[in-house]
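Visitor: Here it is, the structure, as structure tokens.
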Ligand code: IPT
């Protein structure tokens, strides 16, 4: 005897991909056949289990008057019904495939529609298309059950012509949050159920197109393109610009301009079958594996890529056209040339944009079974034949949908799914269906099924070994090119070490670049926190802010990491020696004719002259030495440098004329170090010591004021609010410094006063800075001098004891009364750290204290400006010898360290200023290698000087 209500919901836990749907086919945005968007407001009812409600709601005449409404496309959990949940790789339900929990929030959706005037229901048929529903749906039209499906980020079509009425149609869709399909969709992201992509009804007139495959290759030896469009329904293909008009299935070869991501030449074409005209955009290009390299049109390409999840802070993965375009434009403007669609096929319109604007795409299938790693991959669906039909269904739905995009150069089987026969079956099917592209899957370490050796987060040394072909591996793998499908984990402040990777990529042919993890922070807009992350919705299992690891913030504001990446991957190299500048075209295809070059000459950060630089239209890969003008004569000299910029000569589809794509600075003459003649002597009296403009407490030697500016708590500082990269990922086997720093008490250093001495022209304060419980410390001497006007401070630090960890930072910190404007001469405009400083341009910059803050979704160390010669803030001018790292904020480091969300940071009356002699690098240890040795800050004997002037 069984009490389980079986029949109605068995499909939810069925490993099969579904039933009732049409075979997958090419997706196209429009044709002359009528279509009706069913997007908009739908009636909605949420129930707690899959079988809580019967299917009466699908019957015409059902009264849904009391139901709520949701927007489609959308996720109901972002529209006030239930809550989102985030896990990285753990399944948020017991792992018992294909079973799912009884608590399975189920959303019944209803949409009523009439056919538009002119829709000839009697002629031909109609197809109902769902572009994306998470995670499993059952569909009824006018009371008839037409099928059910899984495969959330893939299209599913149903033939519905016979069911349609001119008016009063009822479309009912039951969507389950969890299904057998959830086991295949364990991507590191929010679990967000709903009908989150378009729903469209497509008229299919008699003789309408079915599936078609555009084969458009390019022969770089002849400059000819060959076009053949295979179509299930015979017809003709015309390409007016090429005078092509051929039957489907027939090949034609003509001279063409090739498509590349740098030169995305598309030809407008039409596929005309008897019943439909389908506009096509054709790009001619040939992808091949040749000489162990990924070549397009005969040339090896270097991927400067990002992993892109679909994300909008309010709409989740329900992206509109505008948001997709914003991503593409931001990428192009930041020199990015490639996208891995981690970890599922994106909205199809995104690929149209990649074709149009020019981005290489690794199109990844909607497949990840990462949670099985917790049980040593036992019962992994990809190694269980019962699941293979679902895997093949997913592969086919991706390839058939996206095969006509020139931008797609590599198919990826999925992500983090272990290994197994199912993956091999997918690879075999894809190779058989489309021999014109390569197949990728990172988990296939031996490259049995794949055409590219791919890894994630390998450190620099290992990547270099792979570049040198010293990494061994299977015979097959040794002959393959290498990419890092994920690297440079952009969580919080960072990633560090990108320039070091790029140097390695550019040094070895076998290394064909990589894809930063990842494009955008998946923060959810939230009244409580500004942006919410894992755990903020009370999830019993979650991975916190690991979901916020993008190069852009949730609102798509570029983070400094993106600005750094833009600089590191710039398509033009600019280097020089003071009289000439060496310009290198680092692109793979395009010459430099789209760019104009400008020079400017700065003295002490002020531009004294500027002009244009004539640079030949170098071909891809070429370099030239270009003579710089005579340096302008500047009375009094000063620190001088050339700045050479490459900019768009004219507006392009993605950027305005004048948009800077690359730059370099060439030092000409060095800076004069600031110094203070120690001509004033300290004067003691009434518990105070005065020295030039400054007053000190006589007993403690503490600085009280400089001229009119009150100063609080100036002292040595070694602590920073640890970054996600300092904290490191829990599974990292390498040393994670943040935990050690806390263990060793670097966040609670004590300052013991040893002496306050006035000796002639200086006030000397001797201290020892050390944490409770430990024997190591920093003997710290502050030596103050003045010329009567200006105040000099030389800090000498001598470590004693056994220092086994680097320092987070080394410098001084002090408070001043509220200040707003900040000016500085040094690196800018954005923050920089020792291994994230490529984009810091030396010049004069202005901002505000608030403007200096980088709003990481989880607050952490941020906002340092590099190589600062002088800074002005709150009536003080501060000069440094040597240059220093400058930071100012309205809260203390301790408050920053304690904050979990932006809203925890509340400005106080004091501005806290850090002047650092050193900063520890950033690295990428939140998921990857730590700080490389040259960027580590060790506790070494150090001496550094600041000169303060009251300019108020
Ligand atoms: C890697 C995943 O592929 C990606 O989806 C994301 O989770 C990333 O890590 C971290 O943000 S997998 C990891 C085991 C390296």
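Values quoted throughout were computed directly from the atomic coordinates according to the rules given, and no laboratory measurement underlies them. On a predicted model such as this, the values are computed, not experimentally measured, just so you know. When we count neighbours, we look across all protein chains shown, and the Cβ atoms used for this are built from the backbone with ideal geometry, even at glycine.
Visitor: Taking Cα centroids, how far is the range 830-856 from the range 530-553 in Å?
Guide: Each part reduced to its Cα centre gives a spacing of 26 Å.
Visitor: What order, most packed first, do the peptides 426-439, 243-256 have when packing is the mean number of other Cβ atoms within 10 Å of each residue?
Guide: Per-residue Cβ counts within 10 Å, averaged per peptide and sorted highest first, yield 426-439, 243-256.
Visitor: Then there's this: Compute the normalised compactness of the chain: alpha-carbon radius of gyration over 2.2 N^0.38 Å, N being the residue count.
Guide: That ratio works out to 1.05.
Visitor: Going highest first, how would you order 817-824, 908-915 by mean Cβ packing within 10 Å?
Guide: The peptides rank, most packed first, as 908-915, 817-824.
Visitor: If you don't mind, another one. Pairing the Cα long axis of helix 421-433 with the longest principal axis of the chain, what angle in degrees results, from 0 to 90 and rounded to the nearest 10?
Guide: With both axes taken from Cα atoms, the answer is about 70 degrees.
Visitor: Another question about this same structure. If you take every DSSP beta bridge whose two residues both sit in the range 269-404, what share of them, in percent to the nearest 5, is antiparallel?
Guide: Just about 65 percent of them are antiparallel.
Visitor: Does anyone have the angle between helix 348-357 and the longest principal axis of the chain? Alpha-carbon axes, 0 to 90°, nearest 10?
Guide: Roughly 60 degrees between the two axes.
Visitor: A further question on this structure: Can you sort 746, 164, 423 by how many other beta carbons sit within 10 Å, fewest first?
Guide: 164, 746, 423
Visitor: For the peptides 301-313, 925-937, 99-111, what is the packing order when you average, over each peptide's residues, the other Cβ atoms within 10 Å and list the highest mean first?
Guide: 301-313, 925-937, 99-111
Visitor: Now for a different question. Can you give the helix-only mean residue ellipticity at 222 nm for the chain, where every DSSP H stretch with n ≥ 4 adds -39500 (n - 2.57) and the sum goes over all residues, rounded to the nearest 500 deg cm²/dmol?
Guide: So the helix-based figure for the chain works out to -3000 deg cm²/dmol.
Visitor: Return 731, 719 ranked ascending by Cβ neighbour count within 10 Å, so the fewest neighbours appear first.
Guide: So the ranking, lowest neighbour count to highest, is 731, 719.
Visitor: Once you sort the root eigenvalues of the Cα gyration tensor of the range 239-337 as a ≥ b ≥ c, which label holds: rounded (a/c under 1.5), prolate (a/b larger than b/c) or oblate (the other case)?
Guide: It is oblate, given that a/c is not under 1.5 and a/b is not larger than b/c.
Visitor: Tell me, how many Å apart are the Cα centres for the range 910-936 and for the range 285-323?
Guide: 31
Visitor: Taking neighbour counts of Cβ atoms within 10 Å as a proxy for exposure, in what order, fewest first, do 42, 411 appear?
Guide: 42, 411
Visitor: Still on this model: Helix 388-402 against the longest principal axis of the chain: what's the angle in degrees, Cα atoms only, rounded to the nearest 10?
Guide: With rounding to tens, the tilt is 80 degrees.
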